[in-house]
Amino acid sequence: MKVPFLDLKRWDEELKDALKTKFNLILENGVFSGGEEVKNLEAKVSTYLSSPFAVSCANGTDALELALRALGIGPGDEVIVPAMTWVSTAEAVLIVGAVPVFWDTDENGLLASDWECAVTPGTKAVIPVHLYGKMLGMDDMIAKAKAHKLYIIEDAAQSFGAFQNGKAAGTFGDVGCLSFYPTKNLGALGEAGMCLTSSPRLAERIKMLINHGQLMRDEHQLIGRNSRIDTLQAGFLNVFLERFENHQMIRKKFAKYYLSNLSLIEQIQLPQGILEPDHNSHLFVIQIDKRDELKDFLFRQCVGTAIHYPSTLPDMSPYREAGSFMKARRLSKQGLSLPLNPWMNESEIAYVIEAIQKFFL
């Protein structure tokens, strides 16, 4: 059996037909930028996540940059960033001229609880990342940020649909940033993103920033850019959003299957809380000392895996920063993502489990 890490060609015919119908509808309407599809997407996400404002944009990286710019963060300002995350989190900080200050993570890759030790008079914001779909404890985060008068920009790119005490990922901070990259739990057929906020002022500013600094055509109030979402992507996301809850149920079912069958292997550290509401089961990341050996073994068994991520940010040349970052570095050397997505079937999950068990015989 061959089990790919992720194969988006596996969509069922009903879904493919729905996407084709949506494409034809947009083609017939002749509106390819803005329009009802974009309005509907923003309204649906706003309702689903209970976010007063949901402003779509071109991609998740732009969402982070837009959040920083909307909050007035720029040259010389310091922004605390976890050492383990996708590069966009630090990249956006540098793009606006600010300085990313890296801090270690806990063993699960979430910003360590002592992050406030990195605060200086120049610190303006902190970016907690809900890595792999697991939410950081936001009550503690909010209390500490408030004490230091810092903005919170939630990087919720991987955590759409996760809820902590009934409140959605991305709705705790001043701005929450979403990514709808095709591999995400809610993914488009290309690039797309969104900013969430409860502030009318920030929402209006972000709307201007994504559209050349204007709310009305030719009425430019500030220097913006073009980061508008594509109408087609908004339409496709509206289709996927209708199936989101069902896909989440499948993810949770498969995650539970992994947990129940791998829990007796002492050499493996399983993901914590992946069945809880504050984890959307985006990635099933195990930790093991012999990560590379297991990855190679599974490859020979025709099982696809991935590493999220093979290097910490402060160990990359564009972001080089001295420091121990012990737990983040350990995760970069031990973390291995197993196949987990709604396009799989139970026999494939069973095959992956059997292959892992065989490795330890």
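Within straight-line reach of Lys20, meaning a Cα separation under 19 Å, sit the following lysines at least 8 residues removed in sequence or on another chain: Lys9. Among Gly170, Gly35, Gly187, the largest mean-square fluctuation in a Gaussian network model of the chain (Cα springs under 10 Å) belongs to Gly35. Remark on Ala188: its backbone amide H falls under 5 Å from those of Tyr181, a criterion applied only to residues 5 or more positions apart or on other chains, H modelled at 1.01 Å from N.
Karplus-based coupling profile of the range 282-292, in residue order and whole Hz: 5, 10, 9, 9, 9, 10, 8, 4, 9, 4, 5, with θ = phi - 60° in 6.51 cos²θ - 1.76 cosθ + 1.60 and x standing for Gly or Pro.
Relative contact order for the chain: what is it in percent, counting Cα pairs under 8 Å that are at least 6 residues apart? Intermediate values should be presented prior to the final figure.
Values: 741 pairs, mean separation 80.0, N = 361.
Result for the chain is 22 percent.
Each stretch of four or more DSSP H residues adds -39500 (n - 2.57); spread over every residue of the chain, this sum gives -12000 deg cm²/dmol at 222 nm. Which one, [x] 30, 57, 13, 0; [y] 27, 51, 20, 2; [z] 25, 55, 17, 2, 0, gives P(r) over Cα pairs in 20 Å bins from 0, in percent as derived from the coordinates shown? Only one option fits the structure, namely [x]. Per residue, the chain exposes 44 Å² of accessible surface when a 1.4 Å probe is rolled over the protein heavy atoms with every protein chain present. For the chain, DSSP calls about 60 percent of its internal beta bridges antiparallel. At most 11 other C-beta atoms within 10 Å and a DSSP loop state: those are the exposed trypsin sites (Lys or Arg not before Pro) I care about. Give me the longest piece of the chain that has none. Looking at the chain, 3-148 is the longest stretch - no exposed trypsin sites (Lys or Arg not before Pro) with at most 11 other Cβ atoms within 10 Å. Backbone amide hydrogens, once placed in the peptide plane, bring Phe102 within less than 5 Å of Val81, excluding anything fewer than 5 places away on its chain. Across the range 155-160, rounded Karplus estimates of 3J(HN,Hα) from the backbone phi angles (6.51 cos²θ - 1.76 cosθ + 1.60, θ = phi - 60°) give 8, 9, 4, 9, 10, 4 Hz, Gly and Pro being marked x.
Say the cut-off is 30 Å between C-alpha atoms; which of Lys167/Lys290; Lys2/Lys252; Lys167/Lys333; Lys22/Lys295 go over it? Table pairs above 30 Å Cα-Cα are Lys167/Lys290; Lys167/Lys333; Lys22/Lys295. For the chain, modelled as a Gaussian network with Cα springs under 10 Å, which listed residue fluctuates most, Asn341, Asn24, Asn108? With Cα springs under 10 Å in the chain, the top fluctuation among Asn341, Asn24, Asn108 is at Asn24.
In sequence order, the range 268-281 has phi-based couplings of 9, 9, 8, x, 8, x, 5, 8, 7, x, 8, 9, 9, 6 Hz under the Karplus curve 6.51 cos²θ - 1.76 cosθ + 1.60, θ = phi - 60°, and Gly or Pro positions carry x. Placing His130, His212 in order of accessible area, with the largest value first and a 1.4 Å probe, yields His212, His130. Accessible area of Ile95 (1.4 Å probe, protein heavy atoms only, ligands and nucleic acids ignored): about 100 Å².
Note on Lys149: aspartates and glutamates with a C-alpha under 18 Å away, same-chain residues under 8 apart excluded, are Asp77, Glu78, Asp114, Glu116, Asp139, Asp140, Asp174.
The values are calculated or read from the model by the stated rules, or taken from the named source; none is laboratory data. Because the structure is predicted, anything quoted here is derived from the model rather than measured. Note that we place each Cβ from the backbone using ideal geometry, even for glycine, and neighbour counts take in every protein chain shown. All accessible areas refer to the heavy atoms of the entire protein, side chains included, with ligands and DNA or RNA removed. Shrake-Rupley method; radii C 1.70, N 1.55, O 1.52, S 1.80 Å.
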